[in-house]
Amino acid sequence: MADQTPQSYANHKRIVPGFHYVTFALLLIPTIWWVYRSIRAFSVDHLMLFAMGAGAVMLLLYTRSFATKNQDRIIRLEERTRLEELLPPELVPRIGELTTAQCVAIRFAADAEVEALVRAVLHEGITDREAIKGRVRSWRADYQRV
């Protein structure tokens, strides 16, 4: 369920406590314990438990990374379509110059400020997502990003 609090740069990042804190802790704490047990009282069993825990932590991190990359690709496609509609004809051919990271950041800009923001990003070579999002004055919320 999406939080319907008005979104802004200050609160746009979404934290899901069950995933970001509980699940990660449930995997990391035993893994650290198994490292400790492998050092203090080495056994193949302790080493295998550590390997399984480390694999589970890596699986969690990679799964999150893969989902985020997929969302970024979808956002890039959506933003390129949106920019084709909003930008003046002389900027449309330059849409392909925008990186995925730049498109992801630009998506938060309201339609009225997209042109100025894209011009600034392209002319000033701004590549940092946070720097781009920091320039957004009229925030366009994205409640579906996880």
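Just wondering, is there one or more residues in segment 122-138 that are surrounded by fewer than 11 Cβ atoms within 10 Å (Cβ to Cβ), under 23 Å from Pro6 (Cα atoms) and of a type outside the set (Gly, Ala, Ser)?
yes
Please verify whether Thr23 is at pLDDT below 95 and in contact with a Leu (Cβ under 9 Å, 6 or more places away or on another chain), treating the condition exactly as stated.
Here the answer is yes, as Thr23 does meet what is asked.
Results for (1) hydrophobic (A, V, I, L, M, F, W, C); (2) without any contact (Cβ under 8 Å) to a residue 24 or more places away in the chain, shown as yes or no for each residue.
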| site | (1), (2) |
| --- | --- |
| Lys69 | no, yes |
| Asp72 | no, no |
| Leu86 | yes, no |
| Val92 | yes, yes |
| Gly96 | no, yes |
| Arg107 | no, no |
| Glu113 | no, no |
| Gly125 | no, yes |
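Could you check segment 9-20 and list, in sequence order, the residues that are modelled with pLDDT of 80 or more, in contact with a Phe, Trp or Tyr (Cβ under 9 Å, 6 or more places away or on another chain) and either closer than 18 Å to Leu60 by Cβ or among the hydroxyl-bearing types (Ser, Thr, Tyr) (or both)? Quick ask: steps written out before the conclusion?
So in segment 9-20, the residues modelled with pLDDT of 80 or more come out as 9, 12, 15-20.
Checking which are in contact with a Phe, Trp or Tyr (Cβ under 9 Å, 6 or more places away or on another chain) leaves us with 9, 12, 15.
Tyr9, Ile15 - these are the residues of segment 9-20 that are modelled with pLDDT of 80 or more, in contact with a Phe, Trp or Tyr (Cβ under 9 Å, 6 or more places away or on another chain) and either closer than 18 Å to Leu60 by Cβ or among the hydroxyl-bearing types (Ser, Thr, Tyr) (or both).
The values are calculated or read from the model by the stated rules, or taken from the named source; none is laboratory data. As the structure is a computational prediction, the values presented were derived from the model and not from experiment. Here Cβ is always computed from backbone atoms with ideal geometry, including for glycine, and neighbour counts include all displayed protein chains.
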